[in-house]
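The values are calculated or read from the model by the stated rules, or taken from the named source; none is laboratory data. All of these numbers come straight from a predicted model, not from anything done at the bench. Note: ideal-geometry Cβ built from the backbone for every residue, glycine included; neighbour counts use all protein chains shown. The area values use the complete protein model at the heavy-atom level, side chains included, leaving out ligands, DNA and RNA. Shrake-Rupley method; radii C 1.70, N 1.55, O 1.52, S 1.80 Å.
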Amino acid sequence: MSANRLYALLLGALLMTGMSVVRAQPEASSGYLRKPEVRGTHMMVATANPYASRAAFVILEQGGSAVDAAIAAQMVLGLTEPQSSGIGGGAFMLHFDARNRAVKAWDGRETAPAAASEALFTGPEGKPIRFFDAVVGGRSVGVPGVVRMLEAAHARHGKLPWAALFQPAILLAQEGFEVSARLNRLLGAERHLPRDPASARYFYDPSGKPWPVGHLLRNPAYADTLRQIAERGSLALHTGPIARDIVAAVREHPTNPGLLSERDLAFYTPIAREALCAPYRRYLVCGMPPPSSGGLAVAQILGIVEAHSGGLRLAQPDGTPNPDGVHVFAEAARLAFADRNQYIADPEFVSPPKGLLSSGYLKQRAALIGERSMGRAPAGQPDRVAHAETPEASLEQPATSHLSVIDARGNAVALTTTIEDQFGARLMVRGFLLNNQLTDFSFAAQEGSAPVANRVQPGKRPRSSMAPTLVFEQPAIGAPSRPSRSGTAAPRAGSPAATTTPLQPLGALVMSVGSPGGSQIIGYVARTLIATLGDGLTLQQAIDMPNLGSRNGPTELETGQTSAALADALRARGHEVRSIDMTSGLQGMMRRCTAAGACTLSGGADPRREGQVIGR
């Protein structure tokens, strides 16, 4: 079959999937459409957009790896879900190598320009500027990392040629994709994007209205950019004409110029880190280490809940929240966020305390949970050493995306990807949007006389809450003592994983899951893990259940999805209850295998967004 014929068939499959699925999906925060659980036996993909899911699955059908499928999906998401992620942003990815039974954490997080300083978000009067005064324009743009990170992962784990993985997105950009209800609604509510001339020409009609649902939107500039990256790799984005255009857009912004340079782009380096893994019940839950706070905070919540109450249910068998379980979950989240806000930042700049996940420390934290809410939790001192940094809670916006993949060889990916705020910095260059990731730093460098761990510094990666997660069975007692290659076998000094997880082989892969949602990601992922691994719900049931939790402030309940009885029960325990929109975008899959080696896959997608699972 000729390449042109293959690509024509691919485009037809993508368009058929889009036409039959996209129109039926709800907008991010104004709809809730339950989705059926999807089952398979060989391979599966779950992404936030049907076009991306179909592109990734076609790559799997062609013999591609989980990393190959994730790359194809990311390039399509940058086109069809541009408000959430893209090649102008960053990502964290966990990858499981089934052959070597190894899990690795890939860090494609953006970095601050070399010219940045602690005063980046300080106004003339010496006070932090307003959030959107920082976001919109060049000041907030960090060095994008997702393409270079995916390139490095592909060099190690790819099966298909790099260039082939870009063809689905190139074809869709050329031929057009249908504007979804979600994209149309977000464009209609957006105040800042129309002020960027390139964005206004692309996203809006000549009268200034967003393109209607179903409009066939073409992006030839994006197609051209992807062709260059397909041919030259990440150098096409990080050097040469594209890099010069990125820098010009940032530094020459008319009202809010930034500091990004061509040298910053050229010398960006992704990092392959050791995964942060911690036990929960009979499982090993692996997540991202710092600069993400997601893996640590999720693991702390699971450990504190288990230490406090053992078998107490968060979810009833029908998926409704159990008030007693919600109380403990919210208190555990308060404790985890207190430690997160105090200690976690880029580990190249700030070393977190040792023992944040030690069983003794988690038991101490769990003992602080009483019958009534503590309101606001203090940070702990697991190493009994005074630390200079002071607590703060940086803003994180929920414009992010997550995808999960399991390929036919049993390799798995959990990838959470973002441009930070909805439509990022509202700067479009060559068909893609630039991130505003630097606003994930603390705007204030100090609180009183103490430095903030997550302050702006040159070359530093801002703290994140993204929590791509892979779950494994813990091996039975007496299993061979071959060291795990999970990243827990030899944690570096100062790592929060240090002295927490013994040397052990990885058991069978159980789950890949994650979500967008800013700092609420931590609660979304943690409650999904408890509902499935602890309470026995299916993954789709767990995704469907109401969002709830605390970020060391009020106890938050998802508007329209939780009962007045739950709110009353929590108030009776002293909780300050706040009903808010909590628009997760959970995507994931579970894998179960028999002793004979026969495996089944089940996948779930969030009813709050337009995600789709495809499996075979």
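Just a few scattered comments:
Results for (1) buried (at least 24 other Cβ atoms within 10 Å of the Cβ); (2) hydrophobic (A, V, I, L, M, F, W, C); (3) part of a helix (DSSP H, G or I); (4) in contact with an Asp or Glu (Cβ under 8 Å, 6 or more places away or on another chain), shown as yes or no for each residue.
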{"residue": "ARG313", "(1), (2), (3), (4)": "no, no, no, yes"}
{"residue": "PHE329", "(1), (2), (3), (4)": "yes, yes, yes, no"}
{"residue": "ASP339", "(1), (2), (3), (4)": "yes, no, yes, no"}
{"residue": "GLN342", "(1), (2), (3), (4)": "no, no, yes, yes"}
{"residue": "PRO347", "(1), (2), (3), (4)": "no, no, no, no"}
{"residue": "SER351", "(1), (2), (3), (4)": "no, no, no, no"}
{"residue": "LYS354", "(1), (2), (3), (4)": "no, no, no, yes"}
{"residue": "LEU357", "(1), (2), (3), (4)": "yes, yes, no, no"}
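- From GLU392, GLU371, residue being in a loop (DSSP other than H, G, I, E, B), at pLDDT below 95, of a type outside the set (A, V, I, L, M) and more than 20 Å from CYS277 (Cβ to Cβ): GLU392
- Scanning region 233-253 for residues being in contact with a Gly (Cβ under 8 Å, 6 or more places away or on another chain) and surrounded by fewer than 20 Cβ atoms within 10 Å (Cβ to Cβ) gives a total of 3.
- Filtered residues of region 348-362 (kept if closer than 16 Å to ALA338 by Cα and either free of Cβ contacts under 8 Å to residues at least 60 places away in the same chain or touching a strand residue (DSSP E or B) at 6+ places or on another chain (Cβ under 6 Å) (or both)): LEU357, TYR361
- Selection status of VAL58, out of contact with any strand residue (DSSP E or B) (no Cβ under 7 Å at 6 or more places or on another chain), farther than 24 Å from SER199 by Cβ, among the β-branched types (Val, Ile, Thr) and in a helix (DSSP H, G or I): yes
- Residue under evaluation PRO323, criteria (1) at pLDDT 95 or above; (2) out of contact with any Phe, Trp or Tyr (no Cβ under 6 Å at 6 or more places or on another chain); (3) open to solvent by less than 20 Å² (accessible area, probe 1.4 Å), criterion not met: (3)
- In region 258-267, residue most open to solvent (accessible area, probe 1.4 Å) [restricted to those that are hydrophobic (A, V, I, L, M, F, W, C) and not in a loop (DSSP other than H, G, I, E, B)]: ALA266
- Any chance SER442 is more than 23 Å from the chain's Cα centre (by Cα) and of a type in the set (S, T, N, Q): no
Rundown of residues vs (1) without any contact (Cβ under 8 Å) to a residue 24 or more places away in the chain; (2) touching a His at 6+ places or on another chain (Cβ under 6 Å); (3) within 16 Å of ILE419 (Cβ to Cβ), yes/no style:
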position: ILE129; (1), (2), (3): no, no, no
position: GLY138; (1), (2), (3): no, yes, yes
position: ARG185; (1), (2), (3): no, no, no
position: ALA189; (1), (2), (3): yes, no, no
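- Residue match in region 268-279 (condition: buried (at least 20 other Cβ atoms within 10 Å of the Cβ), modelled with pLDDT of 95 or more and within 30 Å of MET428 (Cβ to Cβ)): yes
- Which numbered condition LEU427 fails, given (1) free of Cβ contacts under 8 Å to residues at least 60 places away in the same chain; (2) buried (at least 24 other Cβ atoms within 10 Å of the Cβ); (3) of a type outside the set (S, T, N, Q): (1)
- If the condition is being open to solvent by 10 Å² or more (accessible area, probe 1.4 Å) and either in a strand (DSSP E or B) or modelled with pLDDT of 95 or more (or both), then region 492-511 contributes no residue at all.
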